[in-house]
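The values are calculated or read from the model by the stated rules, or taken from the named source; none is laboratory data. Here the structure is a predicted model, which means the values were calculated and not measured. Here the Cβ is made from the backbone with ideal geometry for all residues, glycine too, and neighbour counts use every protein chain on show. Heads up: the accessible areas ignore ligands, DNA and RNA and are worked out on the full protein's heavy atoms, side chains in. Shrake-Rupley method; radii C 1.70, N 1.55, O 1.52, S 1.80 Å.
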Amino acid sequence: MISHIRENSERIIKSLPEKVRLVAAAKTRTPGEIMEAISGGVKIIGENYVQEAREAYRVIGRQVEWHFIGHLQKNKVKKAVEIFDMIETVDSADIAEEISKRCEALDKVMPILIEINSGREKNKFGVLPEDAEKFIGDIKSLSNIKITGLMTMGPVSADQEEARPYFTETRKVFERIERSGFYGVEMKYLSMGMTNSYKVAIEEGANIVRIGTSIFGNRE
Ligand SMILES: *Cc1c(COP(=O)(O)O)cnc(C)c1O
């Protein structure tokens, strides 16, 4: 259903406060569908899989920004850093080190967000809220990454009010880190909220929202 993607994008962009950046979450979508979203004003594409991103990137190129929003595997980092302008899901020192190392070879500094497991879900990725400062301490001296904020998913639920406490907690971690004033760390972006939760996420301080379904329709 390519037909409404452009209108959906325009409508969502119009509804967002000016300071909130929209990432169009494009997993499983074709380059043609992504181009429709771009024609509706989308400026940032979020991808979960490096291979899929490469295929879209080959067609679309640098007319938009590319954010990685999936779980990054070490053996994909080299290819990822060639494409992405931001990696939103850093949650291990191992991956942070690999990103820094691969970026050094390209003479590039990668903006990253720390993924917070705000729901404390055992099967989910991310750093626990109480471990965020220690994690930042562990990776902040890496030369070719720049910590620019936090990202969280939170437990999936149909009722967006159920997501609110997880967003509130992530925002509190964000503010705590901001107050700590880590050298070289700039708390600029708070990426929270998807189709079913972005309105509440914005109320709780998100300035990046990642929206797939309301732009592109249901995934098959
Ligand atoms: C798919 C995805 C989204 C968007 O989800 P929708 O419910 O389709 O809006 C946001 N963030 C991440 C990390 C995703 O994988």
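Can you name the residue in region 165-220 that is open to solvent by 60 Å² or more (accessible area, probe 1.4 Å) and assigned to a loop (DSSP other than H, G, I, E, B) and, of all such residues, is nearest to the ligand (Cβ to nearest atom)? Within region 165-220, the match that is nearest to the ligand (Cβ to nearest atom) is M194.
Evaluated against (1) open to solvent by 60 Å² or more (accessible area, probe 1.4 Å); (2) modelled with pLDDT of 95 or more, D159 falls short on exactly one condition, (2). In region 137-151, the residue that is most open to solvent (accessible area, probe 1.4 Å) out of those that are more than 15 Å from I87 (Cβ to Cβ) and part of a helix (DSSP H, G or I) is D138. The residues listed here are I69, I45; of these, the one that is within 16 Å of the ligand (Cβ to nearest atom), at pLDDT 95 or above, touching a Gly at 6+ places or on another chain (Cβ under 6 Å) and more than 21 Å from D138 (Cβ to Cβ) is I69. N123: within 16 Å of the ligand (Cβ to nearest atom) and either open to solvent by less than 40 Å² (accessible area, probe 1.4 Å) or more than 14 Å from the chain's Cα centre (by Cα) (or both), yes or no? Judged against the criteria, N123 is a match.
Per-residue answers, yes or no, for (1) out of contact with any strand residue (DSSP E or B) (no Cβ under 6 Å at 6 or more places or on another chain); (2) of a type outside the set (D, E):
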residue: S92; (1), (2): yes, yes
residue: I114; (1), (2): no, yes
residue: K122; (1), (2): yes, yes
residue: G126; (1), (2): no, yes
residue: E133; (1), (2): yes, no
residue: D138; (1), (2): yes, no
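Does region 86-97 contain at least one residue that is open to solvent by less than 10 Å² (accessible area, probe 1.4 Å) and among the hydroxyl-bearing types (S, T, Y)? Checked against the condition, which is being open to solvent by less than 10 Å² (accessible area, probe 1.4 Å) and among the hydroxyl-bearing types (S, T, Y), region 86-97 yields at least one hit. Just one residue in the set E47, E52 is under 27 Å from K124 (Cα atoms), acidic (D, E) and surrounded by fewer than 22 Cβ atoms within 10 Å (Cβ to Cβ); that residue is E52.
Does any residue of region 53-62 turn out to be free of Cβ contacts under 8 Å to residues at least 60 places away in the same chain and within 14 Å of the ligand (Cβ to nearest atom)? Checking region 53-62: at least one residue is free of Cβ contacts under 8 Å to residues at least 60 places away in the same chain and within 14 Å of the ligand (Cβ to nearest atom). Regarding K79, is this residue surrounded by fewer than 22 Cβ atoms within 10 Å (Cβ to Cβ) and either within 15 Å of the ligand (Cβ to nearest atom) or not in a strand (DSSP E or B) (or both)? Yes; evaluated as a whole, the condition is true for this residue.
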